[in-house]
Amino acid sequence: MYSPLVTTNWLEANLNLELLILVDVSMSKVVGKKAIEYEIPLYIPNSRRLDLETALCDLNSSQTHAFPTQEQFTAVAQRLGINSESIVVFYDNQGIYSAPRAWWIFHVMGFKNVFVLDGGLPQWLLENRRVVSNTSESEAKVGNIIGIFDPQRICDSNFIVEQLNNKQLTVLDARSRDRFLGTAPEPRSGVRSGHIPNSISLPYPEVLDGHCFKTDKQLAALFSALLGNKSSTLVFSCGSGITACIILLSAVIAGYRDLILYDGSWSDWGSDFTLPIAK
């Protein structure tokens, strides 16, 4: 079975692999849990740095974290030195937070040889592995990767509206339970509280065990309890498309394959007052 994860043991053993492109995609803001703070920046050796919120977001979109265009993706990935045969590993400094978003962007753009470091930098540090204070962008040669966007792997609110009564499609929401229930205010102004009708709450910390993902068997049991035995298309949502990718990746670990990201997520749905909400 395909695993989207690599372990810290595997990474340390393969740090000098010529085909390996290791990329830190940490974000400055963390939602849904207490952020891990660092006195100085720390990186795994041979890391390259990518600002997910600018380099791989369409800044011309009104959405908070809009998917990059195919051309934007290609230019950024080539600057990172990524070739068609590269092995790309993403990690972040929160354990599991923003790396799954980068992983899914690459998948949707047609590049499948991409993985997430399970546990990220915190797990690496917990195991007393070597870190450095600088990244290695200056050593990167321009790559030859070409992005080919798959529009079937992300969706907008129109798609969900059309599918609201489709019992073969389930929307999973990675936000906290109180935001889902509408008992906590949304962090963005002009966004209503509540959730998409018929959606199911799955706060992203529930798929994690410490800094790492739960096991495939644990995640399979979790999804089975949420979904029953029905085989359905799963759509993933959160606040703005970041943490939805955490539970999306956990669904892959659990064995699910028909997966879609609602890119605008609740910041899109909740700000459109023509769309229905539930509490």
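Nothing in this text is a laboratory measurement; each read-out follows from the coordinates by a stated rule. The structure presented is a predicted model; accordingly, all values stated were derived computationally and were not measured. Positions of Cβ are backbone-derived with ideal geometry, glycine not excepted, and every protein chain shown enters the neighbour counts.
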Mind checking the angle between helix 216-227 and the chain's longest principal axis? C-alpha axes, 0 to 90 degrees, to the nearest 10.
20 degrees
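Can you tally the net charge around K214? Count Lys and Arg as +1, Asp and Glu as -1, for every other residue whose Cβ sits under 14 Å from the Cβ of K214.
Values: positive: K217; negative: D118, E206, D209, D216.
Once all neighbours under 14 Å are counted, the net charge is -3.
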Among N134, V108, F73, whose Cα projects farthest towards the positive end of the dipole of the stretch 5-149, with charges put on the beta-carbon of Lys, Arg (+1) and Asp, Glu (-1)?
V108
Taking K and R as +1 and D and E as -1, what net charge do the other residues with C-beta under 13 Å from the C-beta of V161 add up to?
-4
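If you restrict to DSSP beta bridges whose two residues both lie in the chain, what percentage is antiparallel, to the nearest 5? Working shown, then result.
Values: 4 of 29 bridges.
Approximately 15 percent, going by the DSSP bridge assignments.
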Of 17-26, 184-193, ordering from highest average Cβ density within 10 Å down gives 17-26, 184-193
Average Cα contact separation per residue, the chain, under 8 Å, 6 or more apart, as relative contact order %:
22 percent
What whole-number distance in Å separates the alpha-carbon centres of the stretch 168-210 and the stretch 117-154?
28 Å
How far apart, in nanometres, would the label points at L164 and K230 be if each is projected 7 angstrom from Cα along the Cα-to-Cβ direction?
1.7 nm
Rounded to the nearest 10 degrees, what's the angle between the helix 99-108 long axis and the longest principal axis of the chain, both from Cα atoms, 0 to 90?
80 degrees
Per the helix-only model, the chain has a calculated mean residue ellipticity at 222 nm (DSSP H runs of ≥4, -39500 (n - 2.57) each, divided over all residues, rounded to the nearest 500) of -7000 deg cm²/dmol
With Cβ to Cβ distances under 11 Å as the rule, what net charge do the other residues near A99 carry (K, R +1; D, E -1)?
-2
For the pairs K34/K214; K33/K279; K33/K217; K33/K141; K29/K217; K112/K214, note any where the Cα-Cα span goes beyond 26 Å.
K33/K141; K29/K217
Nearest-ten-degree value, helix 70-79 long axis tilted from longest Cα axis of the chain:
20 degrees
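Let me know the charge dipole size of the stretch 1-120 about its Cα centre in debye, to the nearest 20, where only the beta-carbon of Lys, Arg (+1) and Asp, Glu (-1) is charged. Each step should come with its number before you reach the end.
Values: 8 positive and 12 negative charges, 42 e Å.
In debye, rounded to 20, the stretch 1-120 gives about 200.
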